[in-house]
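Read through the structure below, which is laid out as structure tokens, and then see the notes.
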Amino acid sequence: MALLAVAVLTATGAAWRRYHQELSGLTISGVTPDGPKSSGKTQNILVMGLDSRLDEHGNPLPQDMYDALHAGDDSEGGFNANVLILVHIPGDGSKSTAISIPRDDYVTLDPASCATSPCKGKIKQAYGFAYARAKDKLAAAGVKDPLELDQKSRDAGRLAESNTVGKFLGNVPVDHFVEITLAAFFQIAEAEQPITVCLNEDTSDGYSGANFKKGKQQIDAAQAMAFVRQRRDPDQPLFTDLDRTRRQQAFIVSLARQLQDGGTLSSPGKLRALLDIAKQNTAIDSGLDPLSFAQRASALLDDGLSLYTLPVKDFGTDDAGESINIVDSDEIKGIVRNLLSPGASGTTTTTTPAPATTGIPDATGIVLNVVNSSGENGLAAKVEQALATRGFTQGAATTGAARDTTTLTYGAGAESAATALAAQLGLTATGSAAVEAQAVQLTLGSDARSGPLANVPVDQADPPTSATRTRTPATSTTPPVPVSATAPGANAPEATDLSQMDTGGIPCVR
């Protein structure tokens, strides 16, 4: 919203030189997201909200702000991306979409975030892990200036978080990012208070300081922070972190309405105040043109926006005992593909060499065990059945911890059969004392479908007879119907629901 100031200032006659002066203090990251890019005028912009209690220059906040935030001081928090929203702006001018990703979704993180592989963690941790690793490496390399050390480490975090989100959502392009700190929420709310919000029922929470009544109400900046940070309610056991995500969306919608109705977008003085907030607490990637972005973003307020919160399957704990969201990565990719490309059939026609169905004589008497670490339900059993036609004895089909790459190991007496199978799958067979004698273990990673199993007929009982086949990818399952994020009572969305919110007024949420 603060960047909209740029568009309005130029539109109201501010000189080009003044435009650059106004922007001179904005933090421009030294990196731009990796990976694929959107075509034409379409843009995907990742909004990252950090839980850091520092500003974008690494400075502590004023004490009165810490008091209002109800979130500790500069020793609290860190560099986790607690808010992750992918904003999709179609190049054809159609309605834009914002997809909120729950911060505790347990996913594969960018390799830069970890010293070992596979790199797993909460999706919000990709930033903080990469930041810490980069800071240690830079310090060891002799970088001593605190600001340089902080900014380069942040760049590593920004890049890792962007890459993690793009891959988790199905290798979608992340063209740009906008990063804001916790303080920005408070300062924008302070500049625009009072802000009208709406709740479906009474709620309170001692941790965030929330204490709200049912219905529409006007709140000040400190109350706004409690509104967007609440994730507990002693009287509502089903109140979760995903309800906080929907609160954040509702706050954004209400703030947009306030900016429009309160005259901020037509007041250069008010807009400069927002731009000053952006300079202190916002960073953008090096490839994002603020003027072009601001002009396009202003259309979001006029044309409306659909906001979605991605679902989770269940709640659990990781190896360290921390709470995590368990997600179905295939379902997530299908949902996102449907949201970003509505009407896509999800069916692809691929031309591949005729599958290798040659039997392996040395496989006779060798047990094939398949561990499914791909994230695709039922894949291990399908592979067992398909490879039995090559001479193996079907063994156990089990599920293991998610991993990226497929591996093949063997026990004593199974080297010849394992080596022949590895040649057909494009893998390397490795001996392992952990595998029982006369057995081969195939561990399927997330690359299995696109790589080792590309020519294995796992989706049909008999091998195909043509070199061309049509199949529906595992991620093309029919996406669930979104539940209204503003539904009250028994119809309120559960944490496991895909939910939707539109910008048609002041949304009432849990």
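Considering segment 91-111, the residues that are over 17 Å from ASN171 (Cα atoms) and not in a strand (DSSP E or B) include one that is least open to solvent (accessible area, probe 1.4 Å), namely PRO102. Taken over segment 478-493, the criterion of being open to solvent by 70 Å² or more (accessible area, probe 1.4 Å) and modelled with pLDDT of 75 or more is satisfied by VAL481, PRO488, ASN491.
Each residue in segment 84-98 was checked for being under 25 Å from LYS313 (Cα atoms) and touching a Ser or Thr at 6+ places or on another chain (Cβ under 8 Å), and 6 of them qualify. Among the residues of segment 172-189, not a single one is of a type in the set (Gly, Ala, Ser) and open to solvent by 10 Å² or more (accessible area, probe 1.4 Å).
Quick grid of which residues meet (1) modelled with pLDDT of 95 or more; (2) charged (D, E, K, R); (3) under 22 Å from ASN82 (Cα atoms):
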site: LYS137; (1), (2), (3): yes, yes, no
site: SER162; (1), (2), (3): yes, no, yes
site: PHE177; (1), (2), (3): no, no, yes
site: ILE180; (1), (2), (3): no, no, yes
site: PHE185; (1), (2), (3): no, no, yes
site: PRO194; (1), (2), (3): no, no, no
site: ALA222; (1), (2), (3): no, no, yes
site: ARG232; (1), (2), (3): no, yes, yes
site: ASP235; (1), (2), (3): no, yes, no
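The residue that is nearest to the chain's Cα centre (by Cα), counting only those in segment 427-451 that are of a type in the set (A, V, I, L, M, F, W, C) and closer than 12 Å to GLU415 by Cβ, is ALA429. Residue count for segment 433-452 satisfying the condition of being assigned to a loop (DSSP other than H, G, I, E, B), out of contact with any Gly (no Cβ under 7 Å at 6 or more places or on another chain), open to solvent by 20 Å² or more (accessible area, probe 1.4 Å) and within 30 Å of ILE326 (Cβ to Cβ): 4. One residue stands out in segment 356-389 among those that are part of a helix (DSSP H, G or I) and open to solvent by 30 Å² or more (accessible area, probe 1.4 Å): the one that is modelled with the lowest pLDDT, namely PRO361. Considering segment 332-355, and only residues there that are at pLDDT below 80 and among the β-branched types (Val, Ile, Thr), the residue that is most open to solvent (accessible area, probe 1.4 Å) turns out to be THR351.
Looking only at segment 204-251, residues that are under 20 Å from THR486 (Cβ atoms), touching a Leu at 6+ places or on another chain (Cβ under 8 Å) and surrounded by 22 or more Cβ atoms within 10 Å (Cβ to Cβ) come to 1 in all.
Only a single criterion out of (1) open to solvent by less than 40 Å² (accessible area, probe 1.4 Å); (2) at pLDDT 90 or above; (3) closer than 23 Å to LEU310 by Cβ is not satisfied by ASN200, namely (2).
The condition (being part of a loop (DSSP other than H, G, I, E, B) and either modelled with pLDDT of 85 or more or open to solvent by less than 20 Å² (accessible area, probe 1.4 Å) (or both)) is satisfied by just one residue among ALA396, ALA422, ALA412: ALA412.
The residues of segment 165-178 that are over 11 Å from the mean Cα position of the chain (by Cα) and either assigned to a helix (DSSP H, G or I) or under 30 Å from ILE219 (Cβ atoms) (or both), listed by number, are PHE177, VAL178. Kindly indicate the residue of segment 271-289 that is open to solvent by 20 Å² or more (accessible area, probe 1.4 Å) and over 22 Å from LEU61 (Cβ atoms) and also farthest from the chain's Cα centre (by Cα) among those meeting that condition. Of everything passing the filter in segment 271-289, ASP289 is farthest from the chain's Cα centre (by Cα). Only one of the numbered conditions (1) touching a Gly at 6+ places or on another chain (Cβ under 8 Å); (2) modelled with pLDDT of 95 or more; (3) open to solvent by 60 Å² or more (accessible area, probe 1.4 Å) is violated by HIS70, and that is (2).
The values are calculated or read from the model by the stated rules, or taken from the named source; none is laboratory data. Owing to the predicted nature of the structure, the values given are computational and were not obtained by experimental measurement. All Cβ positions, glycine included, derive from the backbone under ideal geometry; neighbour counts span all protein chains shown. Protein only, heavy atoms only, side chains kept; ligands, DNA and RNA dropped before computing areas. Shrake-Rupley method; radii C 1.70, N 1.55, O 1.52, S 1.80 Å.
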